[in-house]
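These notes are about the structure you will find just below.
The values are calculated or read from the model by the stated rules, or taken from the named source; none is laboratory data. These numbers were taken from a predicted model, which means no experiment stands behind them. Every residue, glycine as well, gets a Cβ built from its backbone with ideal geometry; the counts of neighbours run over all protein chains shown. We work out accessible area using only protein heavy atoms, side chains counted, and drop any ligands, DNA or RNA first. Shrake-Rupley method; radii C 1.70, N 1.55, O 1.52, S 1.80 Å.
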Amino acid sequence: MNKADSERMAGILENMGFQWSEDPDHADLILYNTCTIRDNAEQKVYSYLGKQVKRKHEKPDLTLVVAGCVAQQEGEALLRRVPELDLVMGPQHANRLQDLLEQVFDGNQVVATEPVHIFEDITKPRRDSTVTAWVNVIYGCNERCTYCVVPNVRGQEQSRTPEAIRSEMEALGQQGYREITLLGQNIDAYGRDLPGTTVDGRHKHTLTDLLYYVHDVPGIDRIRFATSHPRYFTERLIRACAELPKVCEHFHIPFQSGDNEVLKAMARGYTHEKYRRIIDTIRHYMPDASISADAIVAFPGETEAQFQNTLKLVEDIGFDQLNTAAYSPRPGTPAAQWDNQLSETVKSDRLQRLNHLVALKAAERSQRYLGRIEDVLVEDQNPKDSTQVMGRTRGNRLVFFAGNIQELQGKTVPVEITTVRAFSLTGNRVATPVATSPVCA
Ligand code: SAH
Ligand code: SF4
C-alpha cells in the first residue's frame, strides 16, 4: 500500500515538472513516505531526516516532506521535533500533494492530517515496473485489531467505484501492463460503503462482483488481490477465483496466530478452525493454490503453549510464504497498554523458531514445482546475473531463467523448473506453449 502511495506521489511530482534524482544529497525536494506498522519502521525516518535537516541549514530552499503513516500519527508533534520540515501529510492526502506543495511554495509550513474524502487521482503514478501495477480499490480499515495502528493512521474505509477501478485498469492494459494487484488493507470490505442496490438479497458491490466486473480488461493477463481477512473471506469469492482464468491461484490471508485465545485478545473475529476451513475450501477448488500469510509472535500474554499452536498451524497448512514479525507496541492501540508484555528475548527466540519452520515448509512447497512447466510472466533482468531474466509463476513464486530482457519483458513464457529453493526457482525456457494454468482450465 505504501509503495502504491509512493508511486502516486512520484507521479504528481513528475507532473509538476520535478525530475527523479538517484542521489538524495542532490535533490531540491525530498519526500519520505513513512510506515509506522512497527517501531523499527517508524524509527527509520528519523535517522534519514537527521542528515537532510543538516543539509537544509546550508541550503535553505531544500523542501522537506514527511508523508505517510508516521506523518499522520505524529502530526504537529513532528514539526515540533523537526521544525525544518515544510510539509507533514497523512496517507489520505497523498493525492493532494500538488495543492499542498503549492501552499508550501507560497511560504507556508503545512500539516495535512485531518480525515478527508479521498479524491480520484487524475495524474499518472510513476510506476516502478512496466509489467505489474498496483491498483487501490479500498482505502482505510474499519477493523479494530488490538495491536494495529492502521485504522488510526489510514482512517475509515473508502471504496473507489468499480468504474474508476476498471478505467485505471484499462489505461494500464493499453500502456502494456500485464498484471494488476488490487489493493486494500481489508480487501474483503470492498464496496460496503458504496451506495448500491441489493441483488438476490446481497449487496451488489463486493470484491467478488468487482472481480467479475474487471476480469476481461484487455491486455491484462493476471489479476491478484491483497490483503484478505479470514473473517470475511467467502466461498463465493473462492469459486469466482477458480472460475475466472485471469485471477491467479495465490491467496494472501494473514492468520496472525494459531491460538484461539490469542486471536480473541487480538480481536480478529475468527478461530484457527475457521481459518483452516477457508484453506481447505480454497484447496478443494484449486488444489495447487499458493497460500501466504502474516503472523505475529509474542503478542502480550502469549504463552509458550499458545505459540506452539502457531507453529502447529504453520506445520499443518504449509505456507508458500509467511511474513513474520515480533509484536511491537504501537501508540494509541489497546494491546500497547496491557501489562503482560513479553521480553525482547522471548520475542526474538519465538521469531527465530517460527522463521526456521517457515523456510522448511516453503522449501517443501517449492518441491512441487520441480520438473513442471510453469507459465512465467517476465518482469525484469535478474539483478545478480544479466544473462538471466526473472518473473513469477501464477502462484507468485519467483523464477530465474536464461533469456534476453529486451525480448521477454512483459511476455508470459513456459519455463521448465530445474532447481527449487525455499522462495525461488530456476528453470529453462521451453517451446511448448502452455495456454492456461492446469488449475484454471
Ligand atoms: N490489513 C492486513 C495487514 C495490515 S498490517 C491484515 O489485516 O492482515 C501488515 C501486517 O503487519 C499484519 O498482518 C501483522 O502481521 C503485522 N503487524 C501489524 N501490527 C503489528 C504490530 N503492532 N506488531 C507486529 N506486527 C504487526
Ligand atoms: Fe490492522 Fe488489518 Fe486488523 Fe485492519 S484488519 S486493524 S489493517 S491488522
- [ ] Please find the FRET efficiency linking ARG80 to ASP25, where r is the Cβ-Cβ separation and R0 is fixed at 22 Å, and quote it to the nearest 0.05.
- [x] 0.25
- [ ] Set the Förster distance to 45 Å, then compute FRET efficiency between SER424 and GLU114 from the Cβ-Cβ distance, nearest 0.05.
- [x] 0.55
Task: Carbon + sulfur, % of accessible area of segment 372-429 - ligands and nucleic acids excluded, 1.4 Å - done: 45 percent
Open item on the list: Using +1 at the C-beta of Lys and Arg and -1 at the C-beta of Asp and Glu, which of ASN323, SER343, GLY191 has the Cα lying farthest in the positive direction of the dipole of segment 132-367?
Closed with: GLY191
Open item on the list: If I compute solvent accessible area with a 1.4 Å probe over the protein chains, what percent of it on segment 2-112 is carbon and sulfur?
Closed with: 47 percent
Open item on the list: Pick from GLN308, GLN406, GLN337 the residue whose mean-square fluctuation is largest in a GNM of the chain, springs joining Cα atoms under 10 Å.
Closed with: GLN406
Task: In sequence order, calculated HN-Hα J values of segment 410-415 (Karplus, 6.51, -1.76, 1.60; Hz; x Gly/Pro) - done: x, 9, 9, 10, x, 10
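Report, to one decimal in Å, the Kirkwood hydrodynamic radius for the chain based on all distinct Cα pairs.
23.4 Å
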TODO: Indicate the gyration tensor shape class of segment 2-112 (rounded, prolate or oblate), computed on the Cα atoms with a ≥ b ≥ c the square roots of the eigenvalues: a/c under 1.5 is rounded; otherwise a/b larger than b/c is prolate and the rest oblate.
DONE: rounded
- [ ] Skip the ligands, DNA and RNA, and give the accessible area per residue of the chain with a 1.4 Å probe, whole Å².
- [x] 45 Å²
- [ ] Report the extension gain between LYS124 and GLN98 in nm, rounded to one decimal, defined as 0.36 nm multiplied by the number of residues separating them, less their alpha carbon distance.
- [x] 8.1 nm
- [ ] Can you tell me the order of 231-238, 82-89 when each peptide is scored by its average per-residue count of other Cβ atoms within 10 angstrom, highest first?
- [x] 82-89, 231-238
TODO: Would you mind pulling out the separation of the Cα centroids of segment 110-164 and segment 276-300, in Å?
DONE: 25 Å
